[in-house]
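None of the figures in this text is laboratory data; all of them are computed from the coordinates on show. All values derive from a computational prediction rather than experimental measurement. Please note: Cβ atoms are built from the backbone with ideal geometry, for glycine as well, and neighbour counts cover all protein chains shown.
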Amino acid sequence: MAHIHEKIDFTVAIFVVHGEKILLVHHRKLDKWLPLGGHIELDEDPEQAALREAREEGGFDVELLGRRPPTTSPGTRALLAPRFLDIHRITETHEHIGMMYWARPKNSAVAKCAIAEHHDIRWCSTADLEMLQPPMSAAVKWYCRKAIEEISEWK
């Protein structure tokens, strides 16, 4: 887990949708239901972090969704823009700038729980979001619904 500063870090959240269900983990340390995700390491870009976190926390490879601008040239690589950005407080003195990515499983949608980090991992429908215990935050629930809606329509 890379910490770039005692006051702020950059993170990724990967909202993986398959068959109109979203993959969520019950985070052990935070005791919250969240999408896959984590800190961006100092030697990686946000896309690399999202792909790594999906493999580490979900046990499979994902395809990040979005449009890459045609601006790659020697010395410059265009990155997929996150679907949304936010900043959220972790402690009284520490915040995260979160980059939210939409994704689909590449081959397998069989999720494996990272026991060291999570109590549980499961695919949830929009109706399931209301039943989770502990209850999911309104912000994360909104991102989940938006991801299911948009990815279901993605071509």
Expected max-MSF residue from Ala138, Ala109, Ala50 in the GNM of the chain (alpha carbon, under 10 Å) is Ala138
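So for Leu64, Leu85, fewest C-beta neighbours within 10 Å to most, what's the order? Display every interim value, and only then the final one.
Working: Leu64 21, Leu85 11.
Ordered from fewest to most neighbouring Cβ atoms within 10 Å, Leu64, Leu85 come out as Leu85, Leu64.
Please say if region 97-154 is rounded, prolate or oblate, where rounded means a/c under 1.5 for a ≥ b ≥ c the square roots of the C-alpha gyration tensor eigenvalues, and otherwise the choice is prolate for a/b larger than b/c and oblate otherwise? Let's see the in-between values first.
Values: a/c = 1.43, a/b = 1.06, b/c = 1.35.
Note, shape of region 97-154 comes out rounded.
Okay, helix-only estimate at 222 nm for the chain: each DSSP H run of n ≥ 4 adds -39500 (n - 2.57), divide by all residues, round to 500 deg cm²/dmol; what do you get?
Details: 2 runs with 29 residues, N = 155.
It comes out at -6000 deg cm²/dmol, rounded to the nearest 500.
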Quick one: 3J(HN,Hα) in Hz for region 78-92, Karplus 6.51/-1.76/1.60 with θ = phi - 60°, rounded, Gly and Pro as x.
5, 10, 5, 6, x, 5, 9, 10, 8, 10, 9, 7, 9, 9, 4
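For the residues Thr71, Thr11, Thr126, what sequence is obtained by ranking on other C-beta atoms within 10 Å, fewest first? Display every interim value, and only then the final one.
Numbers: Thr71 9, Thr11 22, Thr126 14.
If I rank by nearby Cβ atoms, fewest first, I get Thr71, Thr126, Thr11.
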With the cut-off at 24 Å, tell me which of the pairs Lys112/Lys141; Lys32/Lys112; Lys21/Lys112; Lys7/Lys141 have Cα atoms farther apart than that.
Lys7/Lys141
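When His26, His119 are ordered from fewest to most other Cβ atoms inside 10 Å of their Cβ, what list results?
Fewest-to-most Cβ neighbours within 10 Å comes out as His119, His26.
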For Lys146, which aspartates and glutamates qualify as cross-link partners when the Cα separation must be under 13 Å and same-chain residues fewer than eight apart are set aside?
Glu20
For mean projected area of the Cα convex hull in nm², calculated from these coordinates, the label among [x] 15.6; [y] 8.3; [z] 9.7
[z]
